[in-house]
Structures are given as structure tokens and as C-alpha cells.
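Okay, structure first, notes after.
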Amino acid sequence: DNGNGTKTDTQTGLMWLKSPKQGALTWTDAMSYADKLEFAGFTDWRLPTADELKVFSEVQDKNGTTAPYPWKWYNSHGFQKVEEANYWTSTPESYDDNMVKMYDLKFGGERTTVKSAKDACAWAVRKP
């Protein structure tokens, strides 16, 4: 906990907001939100890549077992208001420019959907 509404992931070095933006957005709105975000004295926020969100989302319990419900794990480990929902990434799908990857924090796993769908939440990240 950085004491300013953010947490730094020791595995990747990325700084995450402790509380993701609430509610489903389109991908364009999520990208705009992260791009315009000014928080904790920083203005270089962005959406995570699919790989960054996957690594961050595959949390493990004290026995080294992947947590079955990532959103519950986050809410009990210093993060706040993490929804049991999909979260947008900045990674477009390679086979279609209108598709983008998102990550399911309810059960885990990568998903793909159209950018125009109001299907996922936004969780901003930055590289210190």
C-alpha cells in the first residue's frame, strides 16, 4: 500500500488504483477514463495490457493455489470495490480491430468482445 489510494504489485512493479472505476463502460470510454485520470499526483495512467492484467489477476493463496474468485481476493487484500466483473485491457484482438481482450475477475480467464459493448469495468495502472 502506497498510502495514496494506490498499491504497487511487487511481482511486476506496476502501480494500481486501490479502487477500480465502478460500473460497466465501453472500451473507448474506459481508455478515455484512464488517459484523462489524474490521481495521486500522476497523469500517466492507462489500461493494463492483457498480459499485465492476467498476471495481476492470477492471484494465489498462501498454499500457492490460484484463488478461484479473484475479485474476492482483492477485496480482502487491501483493494476496495473490486467488482465481480470483466475488466478491459488495452490489447486489441489480433484477428479483428473491432475486438479487444478483457479479463474476468469473477471466475478468472481472458475474454474477447467488441469495443462498443458496455461489457467491462476499468482499472487504471501505471509504470513508476
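The values are calculated or read from the model by the stated rules, or taken from the named source; none is laboratory data. Nothing here was measured: the structure is a model prediction, and the numbers come from that model. Virtual Cβ from ideal backbone geometry, glycine too; neighbours counted across all protein chains shown. SASA here: full protein model, heavy atoms, side chains in, ligands and nucleic acids out. Shrake-Rupley method; radii C 1.70, N 1.55, O 1.52, S 1.80 Å.
Some notes on this structure:
- Counted residues, segment 75-116 - those being open to solvent by 80 Å² or more (accessible area, probe 1.4 Å) and in contact (Cβ under 8 Å) with a residue 60 or more places away in the chain: 4
- Number of positions in segment 80-93 that are polar (S, T, N, Q) and in a loop (DSSP other than H, G, I, E, B): 1
- Among the residues making up segment 6-35, those that are assigned to a loop (DSSP other than H, G, I, E, B) and surrounded by fewer than 13 Cβ atoms within 10 Å (Cβ to Cβ) are Thr10, Gln11, Gly13.
- Test for Ala67: is it at pLDDT below 90, more than 14 Å from the chain's Cα centre (by Cα) and of a type in the set (A, V, I, L, M, F, W, C): yes
- Segment 94-119, residues that are closer than 15 Å to Leu53 by Cα and either acidic (Asp, Glu) or assigned to a loop (DSSP other than H, G, I, E, B) (or both): Asp104, Leu105, Lys106, Phe107, Gly108, Gly109, Glu110
- Those residues of segment 27-54 which are out of contact with any Asp or Glu (no Cβ under 8 Å at 6 or more places or on another chain) and either at pLDDT below 95 or hydroxyl-bearing (Ser, Thr, Tyr) (or both), in sequence order: Thr28, Ser32, Tyr33, Thr43, Pro48, Thr49, Asp51, Glu52, Leu53
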